[in-house]
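A short reminder: the numbers here are calculations on the coordinates, not readings from a lab. If you're wondering where the values come from, they're calculated on a predicted model, not measured in any experiment. Counting neighbours? That spans all protein chains shown, and the Cβs are built from the backbone with ideal geometry, glycine included.
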C-alpha cells in the first residue's frame, strides 16, 4: 500500500526573514520542564519493566502529571523548607507491574541526578495512575507487526532553527551546565529564556532563581546578579554578531529587601507555589517557538509504541531536520504527519511536506524529500527503541 506523501512549494516568508521573532525556552529547573521529565521517566521505567517481565511493552499513557508547589522561607546564607512539594501522577498504565513503586522511584532518581539542592525527600508523591479503558487496550494489543494509531492526531516538525532559536536553546543549556554552576553556585536550575528579535536586534530576558545560601545580603545579591549578567553578555558576544540587550530577573526591587528578590532555597520557583504540568513546556526541539506552527499534544509520558501524539511529533521533527540537511537549496521545511485511529502508524492519513526553496522547488528536491519521508516511516519502530533507551532528547 502506497503512502500518501504530499510535497509542495510553500510561499510563506522564512522566519529568519520576518521582522519579529519570539522564542521561549523553559530550562531544567522550570516546574513545567520537571513535570514533562518526570512523566517521561515514568513511561521509560514502565517500558523497561514491561520488557523485563513480559518481553513486550504493555499499554500505558502517563502523560497526566502535575507538580504542586510547596512553601519555603528564603534567607540570606540559607533558608528553610516549610511545606513539601507534591508530585501528582495520574494517566493510565497496565497494572501487571508495581506501577506506584515505579512512578515514585523513577521520579526520585531523576531529581537526584539533575539537581544540587532539590532533593527527592522534599516532595510528597501521590500516584493515582489506573488501568486503561478496554477499547484502547484492545487497540493496543492487536499485535500486528506495525500497530494501529491510538488516536486521530497530528505531529509537526520544522527545520532548520533560526539563529535566534539556536541562541535561545544554547544559552539556557550553557547557564545550566555544571561548569557554569561551579563558577556561579548561586545560580539555580530554574531558568527561563525569552528572546525577542526585532529585525537585527535581540532583547533577551532571563529569569534565574538564585540560591539563598550563597548570598549574604541585598548588595551581595546585586553583585552576583551583575556577574551573571556579564557572563551572559560574554556568551552572546561569542555566539552572535547582532546587537542585543539583556534583562535578568526583571522583577527584582532591591529597595524592598530580600522579599523583593528572586531568592530561593532550592534553586527552583516551585518551592513557593509555582506549579508545573505536562505539556506546558518545550516542544520536541527544546523550544516554544511562537513563529512556528506547533502541536498541542504533550509528548512526555505517552507510550512510544502507538501513541501518535508522541511518535509523530518526534518523527516529523526528525524528518524535517533530515530534509533540511540532505536536500540542497532549501531555506525552510515544515512537516505534518496526520494519523487515523486504528490505521497503521507507518501509513499516515497524510504526510505533508512544505518546502520554502532558495529559488524554485525542483522535481529532484521533491523526490529526495519524498524518499526521506518514506524511509523514516518504514523505520518508524526505531523511534520506540530510541525512546526506551533514552537516546532521544525531548524538550
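Taking other C-beta atoms within 10 Å as the exposure proxy, 338, 175, 65 rank 338, 175, 65 from fewest upward. Ordering 260, 19 by the number of other Cβ atoms within 10 Å of each residue's own Cβ, fewest first, gives 19, 260. Each label was represented as a point 7 Å from its Cα along the Cα-to-Cβ direction; for residue 381 and residue 198 these points are 5.4 nm apart. Gap in Å between the Cα centre of the range 351-372 and the Cα centre of the range 5-54? Going from one Cα centre to the other spans 24 Å. Sorted on the mean count of surrounding Cβ atoms within 10 Å across their residues, most packed first, peptides 157-166, 242-251 read 157-166, 242-251.
So in the range 148-279, what percent of DSSP beta bridges are antiparallel if you round to the nearest 5? Please report the intermediate quantities before stating the final value.
On the way: 9 of 17 bridges.
Restricted to the range 148-279, the bridges split so that about 55 percent are antiparallel.
Kindly work out what percent of the DSSP beta bridges joining two residues of the chain are antiparallel, to the nearest 5. That works out to approximately 70 percent antiparallel.
Taking only DSSP H segments of four or more residues, each worth -39500 (n - 2.57), what value at 222 nm results for the chain once the sum is divided by all its residues, to the nearest 500 deg cm²/dmol?
Values: 9 runs with 131 residues, N = 395.
Result for the chain, helices only: -11000 deg cm²/dmol.
Under Stokes-Einstein, with the Kirkwood radius over Cα pairs standing in for Rh, what whole-number D in µm²/s applies to the chain at 25 °C and 0.890 mPa s?
Working: Rh = 22.5 Å.
The estimated diffusion coefficient comes to 109 µm²/s.
Would you mind calculating the gained length between residue 213 and residue 246 on full extension (0.36 nm times residue separation, minus the Cα-Cα distance), in nm to one decimal?
Numbers: separation 33, 0.36 × 33 = 11.88 nm, distance 2.55 nm.
My answer for the length gained is 9.3 nm.
Can you tell me the FRET efficiency between residue 56 and residue 17 if r is taken as the Cβ-Cβ distance and R0 is 30 Å, rounded to the nearest 0.05?
Values: r = 48 Å, r/R0 = 1.61.
My answer for the efficiency is 0.05.
Each of 204, 146, 323 has some number of other Cβ atoms within 10 Å of its Cβ, and from fewest to most they run 146, 204, 323.
Placing pseudo-labels 7 Å out from each Cα toward the beta carbon at residue 237 and residue 222 gives an inter-label distance of 2.3 nm. Distance from the C-alpha centroid of the range 195-260 to that of the range 309-332: 34 Å, rounded to the whole angstrom.
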